[in-house]
Amino acid sequence: MSARPRPPAGHADPAGQPATQAGLASGPPGQTDSGWRRLPDDPGWRRLLTAARRSLERTGGRLDVAVTLTSPTDDERLVIIGISGAHRSAGSARLSVRLSDVDDHLRAVHGVGLRDLLSAADPLRNRPAEAEHEARARAALLTVARASRHATAGWYGDWLDALRRDGTLTRAVRAGLPFGDVLRVLDALPAPDEPIPVFADRVLDDTKALADGPLRGLVLRALAAWQQMPVPTGGEPERALWESVGLVPDDLASQVLVLNVPATGGLLGRWLTEAADAGVPVRVTLHQLRLAPLTLTCDEIFVCENPAVLRAATAALAAQAPPLVCTEGVPAVAVHTLLQAARGAVIRWRNDLDWTGVRLTAGALARYPMAVPWRMSTTEYETAAVSGPALIGAPAPTPWEPTLAEAMRRAGRAVMEERLIDLLLNDLREAGC
């Protein structure tokens, strides 16, 4: 009669008697042996210990629960028989065992508890405690955030809510990100047209703090909410976003396109005057604007958003066009620096008739006491809004003419400047005479 096959190391035979092998000998109860260290790799124990780890981490270490193996192998069935002392048929589709029984078995056979065995390879996590810690940390962070100078602004609340909903706050807590630095940056904005490294050194004592990394990303996300813009991924949109709050990434990249803007003051003043005499457009950098004090020698300046308008004015009017400045979207610091040199001049400002455009116009009218809207009325909008792209983004008020915002909400269409070029050219022609 052949001998019955012996179960794998650390298993019990169907009768419930513990089995031993060389190197995995079981000592008397309470005496530790070294065999338990190989159990996580044993075919009969591997899945059981994996399930035990998941359960212990999920419950904070409770042993008074059971784990279940589906479609158990013979090795796994023999292990569970040895632990429970109860026979389990070979056809069982699911086998369950209490973790307290596993713990008792390990202590009796190997002199080591279940938690100690699992922690030897990789520390057990306490997920309920971690979740409680993270909840407290998020609450503390939000308490600090609500003390910000921007706390009552709608965009700020929306930004915080979005960070909470998508798990960004939790990830910031887990990573130990100094979220207070994000808040310090926002509380120091808008800045006085300051280079980013200088600002970062002043606010965070680190010139490179906003150069890269998660801090920069969180600040950009906040600025995008502030300016009601999509979060940029680099290049010109990102530069424009920084400059919208007075931070200058690069004084050579910050530029303004002008036509017929005479000025006095240093080399740039001469260039601008000579270009105006010739009716030639000039692109001016912030670096050039800072070379010497500049004064614009004109009483009226027109401001448009799209280069197509300035190009059309150049072609149709050349040197006969009145001073014209093109923002090319969100005004760069160079735009504002130039216009600050237009002391006493009337600034006739316009943008596309979309939500971003009217928001930018409202900001300009608030910034410049001598600024007035240029063809940004309900009449121009309703005349041209019979077709065109759909309005996107959050609606914005039009304080200079509240009926304009109402008309835009009703029509739901954007009117780009290019559609009004003939009308704008007539205004420029009359002003240039």
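With a 1.4 Å probe and all protein chains in place, put T207, T285 in order of accessible area, largest first.
Solvent-accessible surface, decreasing: T207, T285.
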Full-extension gain in nm, A162 to W400, via 0.36 nm per residue minus C-alpha separation: 82.5 nm
Residue-level accessible surface for M370, protein heavy atoms, 1.4 Å, Å²: 90
Calculated FRET value between R343 and A316, using beta carbons and R₀ = 35 Å, to 0.05: 0.75
Theoretical FRET efficiency, 1/(1+(r/R0)^6), r = Cβ-Cβ of R146 and D299, R0 41 Å, to 0.05: 0.30
Protein-only accessible surface order, largest first, of H110, H336 at 1.4 Å: H336, H110
With all protein chains modelled, accessible area of R202 [1.4 Å, Å²]: 130
Relative contact order of the chain, pairs being alpha-carbon contacts under 8 Å that are 6 or more residues apart, as %: 9
Whole-percent carbon and sulfur share, accessible surface of the stretch 349-433, 1.4 Å: 57
In nm, spacing of pseudo-spin labels at A292 and A366 (7 Å Cα→C-beta vector): 3.7
Compactness relative to 2.2 N^0.38 Å, alpha carbon Rg of the stretch 115-156: 1.97
Heavy atoms of Y381 accessible to a 1.4 Å probe, total area in Å² rounded to 10: 0
Accessible surface, per residue, of the chain when the full set of protein chains is kept, probe 1.4 Å, Å²: 48
Inter-label distance, nm, simple model (7 Å from Cα along the C-beta direction), S71/I392: 4.7
Whole-number Å³ per residue for the convex hull built on Cα positions in the chain: 227
Relative contact order %, the stretch 82-227, counting alpha carbon pairs below 8 Å whose residues are six or more apart: 16
Ellipticity estimate at 222 nm from DSSP helix runs (n ≥ 4, -39,500 (n - 2.57)) divided over the chain, nearest 500: -14000 deg cm²/dmol
Percent RCO, i.e. relative contact order, over the stretch 140-211, from Cα pairs under 8 Å lying at least 6 residues apart: 23
Computed FRET value (nearest 0.05) for T207 with A121, which takes r as the C-beta separation and R₀ as 35 Å: 0.20
Cα long-axis angle, helix 46-59 against the chain (0 to 90 degrees, to the nearest 10): 60
Hull-based mean projected area of the stretch 120-241, where the convex hull spans the alpha carbons, in square nanometres: 9.5
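What do you get for Rg/Rh of the stretch 200-353 when both radii come from the Cα atoms and Rh is the Kirkwood radius?
Numbers: Rg = 16.9 Å, Rh = 16.5 Å.
When Rh is taken as the Kirkwood radius, the ratio is 1.02.
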Residue order for I392, I421 - accessible surface, 1.4 angstrom probe, largest first: I392, I421
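The values are calculated or read from the model by the stated rules, or taken from the named source; none is laboratory data. Computed from a prediction, not measured in an experiment: that's the story for all the values here. With ideal geometry, Cβ positions are generated from the backbone for all residues, glycine too; neighbour counts draw on all protein chains shown. The accessibility values were calculated without ligands, DNA or RNA, using every heavy atom of the protein model including side chains. Shrake-Rupley method; radii C 1.70, N 1.55, O 1.52, S 1.80 Å.
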